[in-house]
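Structure first, commentary second.
The values are calculated or read from the model by the stated rules, or taken from the named source; none is laboratory data. Because the structure is a prediction, the values reported are computed rather than measured. Reconstructed Cβ throughout: ideal geometry from the backbone, glycine too, with neighbour counts over all protein chains shown.
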Amino acid sequence: MTSLPWIEPNELWFPPAEEALEDPDGLLAVGGDLSADRLLLAYQNGIFPWFSDDQPILWWSPNPRCVLIPGEIHVSRSLRRTLNQQKFQITADRCFSRVIRLCAAVRAEGTWITDEMVEAYTQLHRIGVAHSIEAWNQDGELVGGMYGVALGQCFFGESMFSLETNASKALMVHLANQLRTWGYQIMDCQVESSHLLTMGARNIPRAEFLSILKTYVDREPDHREWTITWQWSGPEA
């Protein structure tokens, strides 16, 4: 493997995302810390942390980048039936700590959401940058969730979980439409999955992603409070 830049904890910088490796795709730098200032700098430049407990902090910027344009969310016929039945109530910032820990717990094969990551993103939540979105069933049980980072008119999805069929998909529909009404331009999904692609996500070149960030990451969205007010109203919603 080509040698990677090492970032000292007292140094607040990143190499340009364009210098990331092709193999493994997107690996950019090693080291640093998970301070709020460093995480904000990372997201502003199309970079995110992803590492295991037995690794140093690794920083990534893959190419291509999987994104979802809020107005392009796809609702399948089966998901439409679920939404019509109003099986789930979708909220925001109701229980960030539970959501991030459930995102870690449901991954039986192991998780990159270490205790260090939980604390770092909880701190971002305390300062109003990281947010959780929750799906509750008709019995009032938390059955789906997602957390991510909001900067300007860009939302960076980090992880999600689902304990009931279509809970996370219903959450995605509400979130994407809410972001659209707030003026958000992009929802970063980092790397593709079949789940995301069926919802309307697509891959774009990293250069295009970075250009979008440059334009919109500092623009104020049209909202103050993270409250999900958008509601499904039928097939044409």
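Structure notes:
- Single match in Val75, Val99 (criterion: in contact with a Phe, Trp or Tyr (Cβ under 7 Å, 6 or more places away or on another chain), under 30 Å from Thr198 (Cβ atoms) and either not β-branched (Val, Ile, Thr) or not in a strand (DSSP E or B) (or both)): Val99
- Within the stretch 178-191, considering residues that are at pLDDT 95 or above, more than 16 Å from Val129 (Cβ to Cβ) and assigned to a loop (DSSP other than H, G, I, E, B), the one nearest to the chain's Cα centre (by Cα): Gln185
- Test: residue in the stretch 179-191 that is over 18 Å from Ile90 (Cα atoms), charged (D, E, K, R) and buried (at least 16 other Cβ atoms within 10 Å of the Cβ): yes
- When the stretch 162-177 is limited to residues that are touching a strand residue (DSSP E or B) at 6+ places or on another chain (Cβ under 6 Å) and not in a helix (DSSP H, G or I), the one that is nearest to Ser132 (Cα to Cα) turns out to be Ser162.
- For the stretch 192-205, the set of residues classified as part of a helix (DSSP H, G or I) and buried (at least 16 other Cβ atoms within 10 Å of the Cβ) consists of Leu196 only.
- Candidate set: the stretch 206-232, residues that are polar (S, T, N, Q) and part of a loop (DSSP other than H, G, I, E, B); chosen: the one nearest to Ser61 (Cα to Cα): Thr227
- You will find that of Ile57, Ile47, Ile113, the residue that is closer than 23 Å to Ala150 by Cβ, of a type in the set (A, V, I, L, M) and in the same structural domain as Ala201 (by TED's automatic domain parsing) is Ile113 and no other.
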